[in-house]
1. Step by step: first the residues of region 105-134, then only those that are of a type in the set (A, V, I, L, M, F, W, C) and over 26 Å from residue 72 (Cα atoms), then the one that is surrounded by the most Cβ atoms within 10 Å (Cβ to Cβ). Which residue is that?
2. Among 257, 229, 198, which is out of contact with any helix residue (DSSP H, G or I) (no Cβ under 9 Å at 6 or more places or on another chain) and either acidic (Asp, Glu) or in contact (Cβ under 8 Å) with a residue 40 or more places away in the chain (or both)?
3. Checking residue 84 against (1) outside any loop (DSSP other than H, G, I, E, B); (2) of a type in the set (Ser, Thr, Tyr); (3) closer than 30 Å to residue 141 by Cβ; (4) at pLDDT 95 or above, only one condition comes out false. Which one?
4. Name the pairs whose Cβ atoms lie under 6 Å apart, with the first residue in region 52-71 and on the phi < 0 side of the Ramachandran plot, the second assigned to a loop (DSSP other than H, G, I, E, B), and 6 or more positions between them or separate chains?
5. Just one of 57, 52 is surrounded by fewer than 23 Cβ atoms within 10 Å (Cβ to Cβ), under 23 Å from residue 151 (Cα atoms), in contact with a strand residue (DSSP E or B) (Cβ under 7 Å, 6 or more places away or on another chain) and not acidic (Asp, Glu); which is it?
6. Report, by residue number, each residue of region 197-253 that is assigned to a strand (DSSP E or B) and farther than 26 Å from residue 285 by Cα.
7. Go over the candidates 8, 4 one by one and state the one that is in contact (Cβ under 8 Å) with a residue 60 or more places away in the chain, β-branched (Val, Ile, Thr) and more than 30 Å from residue 86 (Cβ to Cβ).
8. If I ask for residues that are under 18 Å from residue 280 (Cα atoms) and part of a loop (DSSP other than H, G, I, E, B), which ones from region 165-196 would you list?
Amino acid sequence: MSFTTVITGGAGFLGSHLCDYFIGKGHNVICIDNLITGNIRNIEHLFGSKNFRFIKFDTTEYIFIDGKVDFILHFASPASPKDYLELPIQTLKVGALGTHKALGLAKAKKAVFLIASSSEVYGDPAVHPQEESYWGHVNPVGPRGVYDESKRFGEALTMAYHRYHKMDTKIVRLFNTYGPRMRINDGRALPTFIPQALANKNITIFGDGRQTRSFCYVSDTVEGIYRLLMSKAHDPVNIGNPCEISVEGVAKEVIKLAKSKSKIKYLPAMIDDPKVRQPNIDKARKLLGWEPKIGREQGLKKTIEYFAEELKIKN
């Protein structure tokens, strides 16, 4: 029996890798994306597959899919600071109305539902590393609040559908996924640093660079998402790499691996930028038997190679 899986935001960086993964598992995949931040090039290699269908659509509107649907993965959302600061209303709408419509489809189809949440629900955390039981430290009225609160609301709505409608729902909290198909200069650290390093330009860091992040390579993230989807878990689960590094540290790694002559330039810190970010993945290890396999050096090399090719095409 073949499964049908709907992936909202499927033309985005992570969503497109999920489309590949589920087609590889033999699923029929329906990708929904309005292409505000997604890119058709991320999925055009799938257009010849009989198991793939693309629908250009805004998920904040009523979603109708004919026939059976087994799984719905809701990944539609601007996901970088640059995007959600430029698209604040759309970010809030897709986190609220988009989640509502995707849950409504899951309810109608009796499908398993998984929502992509984020480590940003922890805000600028007072607990380190961050475990799922921590409620977070978020400024709801700050500029980053549009993303943080959209994810927090999405989690709350998902749990409400689980409890009230007895639906099979999952919540994945993602930590700094990276890899090929990230958009150049999308505002996140690595898509900013890598093109700068390849061009031997200054690496621009907001703040003093001592703030930490934990980067998880995309294939590891996708595997964790799949295992969560197939599990019996309903409460949030962190999926990320607990190998923590400072932003300055990863910038230096990029310079070294790209064989760059770039220097680091420090800019004023961004408002409410988290000082630390590191997942506690004990829950994922116990419930899913999952932990990341790709080391940062290996992942960065693959990502640098991708950006080098993209820059050739762009230029």
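The values are calculated or read from the model by the stated rules, or taken from the named source; none is laboratory data. Computed from a predicted structure; not experimentally measured. Using ideal geometry, Cβ is built from the backbone for each residue, glycine included, and neighbour counts are taken over all protein chains shown.
1. Checking each candidate, the answer is 127.
2. After ruling out the rest, the residue left standing is 229.
3. The one condition residue 84 does not meet is (4).
4. Between residues of region 52-71 that are on the phi < 0 side of the Ramachandran plot and residues that are assigned to a loop (DSSP other than H, G, I, E, B), the close pairs are 58/34; 59/76; 69/111; 70/3; 70/111; 71/111.
5. Within the list 57, 52, the selection yields 57.
6. Residues satisfying the conditions are 203, 204, 205, 206.
7. Exactly one residue qualifies, and that residue is 4.
8. Matches in region 165-196: 175, 176.
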